[in-house]
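*Asks:* Got a structure for you, questions after.
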Amino acid sequence: MSEFGEKFTISNTENIPGRQVTEFYGIVTGSTVRAKHIGKDILAGLKNLVGGELKGYTELLGEARQEALRRMIAEAESMGANAVVNVRFSTSSIAQGAAELFAYGTAVRVE
Amino acid sequence: MNPELVELAIQFSPVAFLLVLGLVAGTILERRHFADIRVRETRFRSLPAVTFSKPPADWAVDGCGLVAGSVVVSLDYFKRFAAALRIIFGGRIKAFEPLMDRGRREAILRMKQEAAETGYDAIINVRLETSRIANANGSTTAGVELMAYGTGLKLRNPLGNALPTEGA
């Protein structure tokens, strides 16, 4: 997830290794709900016959997760944080064919 | 030959065709995928991915960031059929075990790939997650998503020969 650049750090550890946390801002969250494209669904249905990776779904979920992270980071930046620690992901099927991708963590300021 | 039997055979031939297709193509694809996974695992052996939440004290960390890898995999038609039968009787469902294994290893490899591309030398606090992807009609499982994520570390002193790079 290098696209967020050098100035903003995200990690799923409790601290940023090698750096000192100076301030805590609290929880930040980001989420997105996505449904599959009907065309992709049909293609995946065909791929389901022989098994293996369903690339369309992999990409869809990967993009959705990036979007959730972006929203989480936007929230953290608006608080004045320069890092998010202890990031967790969760995925839930909220309706038929739709899934929520959710990312959350603790916004902090590191030296 | 009994005409009723012929009619029955014609009626079920598409299903039989799909079962054979699933069995043959699914087995070949799975074998190829496992071979590919083994090759890439050997290549990435020098980039350790561990579940400790803190780096060992002697690692001089020079930067870090989140890395993740995920894959959605599904069973072939034959295995899905076999699993559906097995679910009636209960017990170990062998069809699913290699699927989860290859998905998880693929996810870890993709995470390592991302870490290597970003310039990280190790990954700590690795977490694995599984979620089921439902079809639009909701009745059947379209696939399973396996995901791996962790914190990639850039080290000032590369790990060097801390881990064996060949063998095993």
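*Asks:* May I ask which of A:Lys36/B:Lys94; A:Lys7/A:Lys36; A:Lys36/B:Lys154; A:Lys7/B:Lys154; A:Lys7/B:Lys54 have a Cα-Cα span longer than 27 Å here?
*Replies:* Beyond 27 Å between Cα atoms: A:Lys36/B:Lys94; A:Lys7/A:Lys36; A:Lys36/B:Lys154.
*Asks:* So what's chain B giving for Cα Rg divided by 2.2 N^0.38 Å, two decimals?
*Replies:* 1.40
*Asks:* Calculate the dipole size of chain B relative to its Cα centre from +1 charges on Lys and Arg beta carbons and -1 charges on Asp and Glu beta carbons; express the result in debye to the nearest 20.
*Replies:* Here the size comes out at about 300 debye.
*Asks:* Compute a Gaussian network model of chain B, connecting alpha carbons closer than 10 Å, and tell me which residue from B:Pro98, B:Pro14, B:Pro55 fluctuates the most.
*Replies:* Sorting by GNM fluctuation, first place goes to B:Pro14.
*Asks:* Given the options B:Gly26, B:Gly103, B:Gly63, which has the most mean-square fluctuation in a GNM of chain B, springs set between C-alpha atoms less than 10 angstrom apart?
*Replies:* B:Gly63
*Asks:* Counting only heavy atoms of the protein chains, get the accessible area per residue of the stretch A:2-110 (1.4 Å probe) and round it to a whole Å² value.
*Replies:* 47
*Asks:* How far is helix A:38-50 tilted off the main Cα axis of chain A, in degrees rounded to 10, range 0 to 90?
*Replies:* Relative to chain A, helix A:38-50 is tipped by roughly 70 degrees.
*Asks:* In Å², and per residue, what accessible area does the stretch B:3-159 have when probed at 1.4 Å with the other protein chains present?
*Replies:* With the other protein chains kept in place, the stretch B:3-159 gives 53 Å² per residue.
*Asks:* If you don't mind, another one. Calculate, axis by axis, the spread of Cα positions in the stretch A:2-110 along the three principal axes, and write the results as whole Å, longest axis first.
*Replies:* Largest first, the stretch A:2-110 extends 53, 25, 20 Å along its Cα principal axes.
*Asks:* Magnitude of the Cβ-charge dipole of the protein assembly as shown, K/R +1 and D/E -1, about the Cα centre, nearest 20 debye?
*Replies:* 440
*Asks:* Mind jotting down the distance between the C-alpha centroids of the stretch B:18-37 and the stretch A:10-33, whole Å?
*Replies:* 42
*Asks:* All other residues with a Cβ under 10 Å from the Cβ of B:Gly143 taken together, and with Lys, Arg as +1 and Asp, Glu as -1, what is their net charge?
*Replies:* Result for the neighbourhood of B:Gly143: 0.
*Asks:* Heavy atoms only, 1.4 Å probe, whole protein assembly: order B:Glu4, A:Glu75 by accessible area, highest first.
*Replies:* Final ranking, largest accessible area leading: B:Glu4, A:Glu75.
*Asks:* Under 15 Å from the Cβ of B:Trp59, count the other residues' Cβ atoms, weight Lys and Arg +1, Asp and Glu -1, and hand me the total.
*Replies:* Around B:Trp59, the surrounding residues sum to +1.
*Asks:* Can you work out ³J(HN,Hα) from phi for every residue in the stretch A:93-109, in order, using Karplus 6.51 cos²θ - 1.76 cosθ + 1.60 and θ = phi - 60°, giving whole Hz and x for Gly and Pro?
*Replies:* 7, 9, 8, 4, x, 10, 9, 9, 9, 10, 10, 8, x, 10, 7, 9, 10
*Asks:* Mind computing the radius of gyration and Dmax over the alpha-carbon atoms of the protein assembly as shown? Å is fine for both.
*Replies:* 22.1, 85
*Asks:* Quick one: compute the contact order of chain B, relative version, from alpha carbon pairs under 8 angstrom and 6+ residues apart, as a percent.
*Replies:* Result for chain B is 32 percent.
*Asks:* A further question follows. Tell me the relative contact order for chain A as a rounded percent, counting alpha carbon contacts under 8 Å between residues six or more apart.
*Replies:* It comes to 44 percent, rounded to a whole number.
*Asks:* Residue farthest toward the positive end of the dipole of the stretch A:12-80, with Cβ of Lys/Arg at +1 and Asp/Glu at -1: which of A:Asn48, A:Thr58, A:Gly30?
*Replies:* So the residue furthest toward the plus end is A:Asn48.
*Asks:* Follow-up. How tilted is helix A:55-79 with respect to the longest principal axis of chain A? Cα atoms for both, answer in degrees (0 to 90, nearest 10).
*Replies:* Rounded to the nearest ten degrees, it is 20.
*Asks:* Rounded to the nearest 100 Å², what's the accessible area chains B and A bury against each other, both chains counted, probe 1.4 Å?
*Replies:* 3100
*Asks:* Now, a different point. Remind me, what semi-axes does the stretch A:60-111 give for its equivalent ellipsoid, largest first in whole Å, using sqrt of 5 times each Cα gyration tensor eigenvalue?
*Replies:* Semi-axes, largest first: 25, 10, 8 Å.
The values are calculated or read from the model by the stated rules, or taken from the named source; none is laboratory data. Remember, predicted model here, so these are calculated numbers, not experimental data. Reconstructed Cβ throughout: ideal geometry from the backbone, glycine too, with neighbour counts over all protein chains shown. In case anyone asks, the SASA skips ligands and DNA or RNA and just uses the protein heavy atoms, side chains included. Shrake-Rupley method; radii C 1.70, N 1.55, O 1.52, S 1.80 Å.
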